Amino acid sequence: MVSARLFAALTLSVVACGGCGTPIASTSSSAIGIAGGRLGTAAVIISATDQNTFDPVIQDATVGEIIEWKNVGSVTHNLVFSSDASIGDPVLASGGVWQVKFTLAGTYHYSCTIHYAMVGTIVVSPE
């Protein structure tokens, strides 16, 4: 029983580390896109800062492009999409990255739920 608990704890640690900067093979997929720690070369980079802001706050992208959120500071953030929580990152630690490749055009609002005023928008246009 102890080994099952250890396995569960290690699995949770790996999953929770999604944006900790370590390349991970697992990805999350939904109707609007694919997300993971390292999907490829980013066309767009959005910074999560120590001033509790996303920079830029509003960003344009095209379906199929990889958008990367990077924590450029020392404060831990997270990334939660109001339209689909499955493509967000539960922990975006200092230096960590999280990437999303949108497969559906639309306007997507996201936030850091750790810092309530930290919000952003990405407008994804068709190819």
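Only the coordinates and a few stated rules stand behind these numbers; no lab work does. What you see is a predicted model, and the numbers here were worked out from it, not measured in a lab. Note: ideal-geometry Cβ built from the backbone for every residue, glycine included; neighbour counts use all protein chains shown.
What does the net charge come to around Ala35 if you take all other residues with beta carbon closer than 12 Å to its beta carbon, with K and R at +1 and D and E at -1?
Working: positive: Arg38, Lys101; negative: Glu68, Asp84, Asp89.
Counting the neighbours of Ala35, the net charge comes to -1.
Could you check the simple spin-label distance between Ile114 and Ala85, using points 7 Å along Cα→Cβ, in nm with one decimal?
1.8 nm
Estimate the FRET efficiency between Asn52 and Ser125 by the formula 1/(1 + (r/R0)^6), using the beta-carbon distance for r and 35 Å for R0, to the nearest 0.05.
Details: r = 28 Å, r/R0 = 0.81.
The computed FRET efficiency comes out at 0.80.
How much FRET efficiency would the formula 1/(1 + (r/R0)^6) give for Thr107 and Ser74, where r is the Cβ-Cβ distance and R0 is 35 Å, rounded to 0.05? Working shown, then result.
Numbers: r = 31 Å, r/R0 = 0.88.
Computed FRET efficiency for Thr107 and Ser74 comes out at 0.70.
Give a residue-ordered list of calculated ³J(HN,Hα) values for segment 33-45 (Karplus: 6.51 cos²θ - 1.76 cosθ + 1.60, θ = phi - 60°; whole Hz; x for Gly, Pro).
Result, ordered by residue: x, 10, 10, x, x, 8, 9, x, 7, 7, 8, 9, 10 Hz.
What's the local net charge at Gln59, with K and R +1, D and E -1, over the other residues with C-beta under 12 Å away? Display every interim value, and only then the final one.
Values: positive: none; negative: Asp55, Asp60, Glu65, Glu68.
Overall, the nearby charge balance is -4.
Quick one: net charge of Ile122's neighbours, Cβ under 15 Å, K/R +1, D/E -1?
Numbers: positive: Lys70, Lys101; negative: Asp55, Asp60, Glu65, Glu68, Asp84, Asp89.
Here the count lands on -4.
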